[in-house]
Amino acid sequence: MNTGREVADAAALNGKAWYGRAGSDQQGLWYGPYYCGLPPGQSYQVYFRLKTSASSGTAEIARLDVVDSEGTHVFLTRSLTAASFESPNRYIEIPLDFTYSSRGDTCADPAVDDGLEFRTR
């Protein structure tokens, strides 16, 4: 479920960002379109670009993951706290390394909307 809303953000790569606020936006997963074009059997690095207004704390504020098969196969997950960010209100790029060992049944049927997902919660 995508929660939050799109906002204008001059510091974002395309001038727009997806904004979610604790206490006013419902928790949920943010993800783009499914992707079927990545060749299996190789290692990759994906970058998540995020910022937060939080300046301290050890509570989880976001969780990143790479999944396929409609979220049932998790390649990796990483939790973030405010301490994961150098300073508040500045974007950082967070790289995640993963090996895409096998496509399995993902992307096998063009009628089924599935594939790799790069998600933020």
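No lab work stands behind these numbers, since they all come straight from the coordinates. Here the structure is a predicted model, which means the values were calculated and not measured. Cβ: placed from backbone, ideal geometry, glycine included. Neighbour counts: every protein chain shown.
Report the convex hull volume per residue for the range 35-99, counting only C-alpha atoms, in Å³. Let's see the in-between values first.
On the way: hull volume 6.1 nm³, N = 65.
Spread over its residues, the Cα hull of the range 35-99 gives 94 Å³ apiece.
The Cα center of the range 1-39 and the Cα center of the range 45-112 differ in position by 12 Å. The charge dipole of the chain, taken about its Cα centre with unit charges on the Cβ atoms of Lys, Arg (+1), Asp and Glu (-1) only, comes to about 520 debye.
Normalised by 2.2 N^0.38 Å, where N is the number of residues, the C-alpha radius of gyration of the chain stands at 1.13. Both numbers refer to the Cα atoms of the range 4-66; Rg and Dmax are 14.6, 42 Å. With R₀ fixed at 41 Å, the C-beta to C-beta distance from D25 to S102 puts the FRET efficiency at about 0.70.
Note on the chain: GNM, Cα springs under 10 Å; of L64, L76, L29, the largest mean-square fluctuation is that of L76. Taking the Cα centre of the range 6-66 as the origin, how large is its charge dipole in debye, to the nearest 20, when only Lys and Arg (+1) and Asp and Glu (-1) carry charge on their Cβ atoms? That gives the range 6-66 a dipole magnitude of about 100 debye. The residues packed around A62, meaning those with a beta-carbon under 11 Å from its beta-carbon, carry a net charge of +3 if Lys and Arg are +1 and Asp and Glu are -1.
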